[in-house]
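Values in this text are rule-based calculations from the coordinates and carry no lab data. Being a predicted model, the structure only gives us computed values, none of them experimental. As a convention, Cβ positions derive from the backbone with ideal geometry for all residues, glycine included, and neighbour counts pool all protein chains shown.
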């Protein structure tokens with residue numbers, strides 16, 4: 001049997017094991033390589049991998065089961081899952097069907113159930129929170145995100161790690177379970193400086209803009225650590241009409257200083273259809289913005305890439321940065337305006353420190369690392 005997760009170190013919470021759900025093979029492989037590098041002093045010479053092999057086969061009806069192909073008794077298990085990977089398919093009644101978020105979530109529960117209580121601790125790394133946008137009730141609606149979190153807690157999950165939650169207050173539904181909401185601020189800034197070495201990150205030349213009131217919190221953080229002014233749009237909606245489950249946006253109104261001739265960084269948690277982001281970029285260009293750069297943790301692009309290709313060709317958007325925390329279609333990776341931010345090393349650091357039973361506060365608040373990279377950038381500028 002392979003020596004998965006075994007090290008020379010006496011781990012207080014068991015041997016380390018990483019499970020990558022379907023569609024997460026690439027990032028799980030990268031995380032594993034980083035973990036091997038971080039643990040070089042403690043792993044044996046014949047060490048192979050931290051990854052626990054699994055399988056979730058399906059019957060012709062679409063029903064499924066989970067199989068764990070290695071002992072996980074006393075292991076400290078970290079499950080990486082992407083509920084939004086529509087690139088993974090399965091066969092149902094002879095038809096090839098993409099896996100929906102519901103399908104991915106059911107497979108996650110199957111894997112946890114297959115452990116049978118043998119793991120010493122289970123941490124679920126769910127970068128984009130399943131049902132995270134259904135975090136509050138309007139009229140007679142279900143509270144899907146809260147129900148999901150409570151269900152995982154009841155199944156024995158002790159920690160949930162997510163990135164840039166749409167509304168982190170949903171953690172109030174599981175007050176006795178660990179819940180960490182991680183932000184990719186440092187990685188985004190680092191990637192932006194690599195993309196454009198000539199960008200000048202100060203309040204005279206660059207400005208942070210929130211696309212709506214909901215993104216103000218994360219934009220305030222960027223504004224503070226970068227020492228830039230902050231502006232925001234707010235959406236005027238027609239609340240008398242519902243289209244595709246939403247009240248349509250009538251206009252984007254801007255609040256903030258003059259942006260003429262400045263580079264603009266627009267920050268949000270996700271790009272869904274992208275219509276709102278392109279409308280914001282158009283409004284910024286009307287106000288004579290120089291460059292428009294978009295930071296979004298998750299790039300869903302639910303209505304395809306054509307509108308972003310057109311916006312890039314028209315000069316509305318110069319660059320879009322998203323992470324590799326969820327599925328990115330091959331055509332997205334090839335887009336001229338797209339830049340990927342790798343988060344695998346960050347995930348590996350979080351896993352290592354949790355397994356070592358050390359604090360992850362330095363990872364959750366990366367202000368010192370941001371200051372170091374900014375000092376390096378400013379010294380280079382001189």
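Key figures for this structure:
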{"read-out": "Residue exposure sequence - 82, 279 - by fewest surrounding Cβ within 10 Å", "value": "279, 82"}
{"read-out": "Rounded to 10°, Cα long-axis angle of helix 367-381 versus longest principal axis of the chain", "value": "50"}
{"read-out": "Value of Rg/Rh across region 245-292 [Cα atoms, Kirkwood radius]", "value": "0.99"}
{"read-out": "FRET efficiency estimate (nearest 0.05) - Cβ-Cβ, residue 302 to residue 64, R0 30 angstrom", "value": "0.75"}
{"read-out": "Quarter of Cα convex hull surface for region 211-261, i.e. mean projection, nm²", "value": "4.6"}
{"read-out": "Linear extension gain, residue 97 paired with residue 286, 0.36 nm per residue minus alpha-carbon span", "value": "63.8 nm"}
{"read-out": "Nearest 10 degrees, 0 to 90: helix 144-154 Cα axis against the chain principal axis", "value": "30"}
{"read-out": "Exposure proxy order (Cβ contacts within 10 Å, fewest to most) of 162, 302, 74", "value": "302, 74, 162"}
{"read-out": "Kirkwood Rh and Cα Rg combined as Rg/Rh, region 89-145", "value": "1.07"}
{"read-out": "Relative contact order [Cα under 8 Å, 6+ residues apart], region 64-205, whole percent", "value": "21"}
{"read-out": "Fraction of alpha-carbon pairs over 26 Å apart in region 73-189 - percent", "value": "25"}
{"read-out": "Length-normalised contact order of region 185-341 in % [C-alpha pairs under 8 Å, at least 6 apart]", "value": "19"}
{"read-out": "Value of Rg/Rh across region 240-360 [Cα atoms, Kirkwood radius]", "value": "1.06"}
{"read-out": "C-alpha long axis of helix 275-286 to longest principal axis of the chain, angle in °", "value": "30"}
{"read-out": "Gaussian network model of the chain, Cα within-10 Å springs - most flexible of 200, 351, 242", "value": "242"}
{"read-out": "The chain, helix-only ellipticity at 222 nm - DSSP H runs n ≥ 4, -39,500 (n - 2.57), divided by all residues, nearest 500", "value": "-9000 deg cm²/dmol"}
{"read-out": "Estimated inter-spin distance, residue 142 and residue 255, nm [label 7 Å along Cα→Cβ]", "value": "3.5"}
{"read-out": "Neighbour-count ranking [beta-carbon atoms within 10 angstrom, fewest first] of 284, 152", "value": "152, 284"}
{"read-out": "Percentage relative contact order, the chain, counting C-alpha pairs under 8 Å, at least six apart", "value": "13"}
{"read-out": "Gain in span if fully extended, residue 200 to residue 154, counting 0.36 nm per residue against the direct Cα distance", "value": "11.6 nm"}
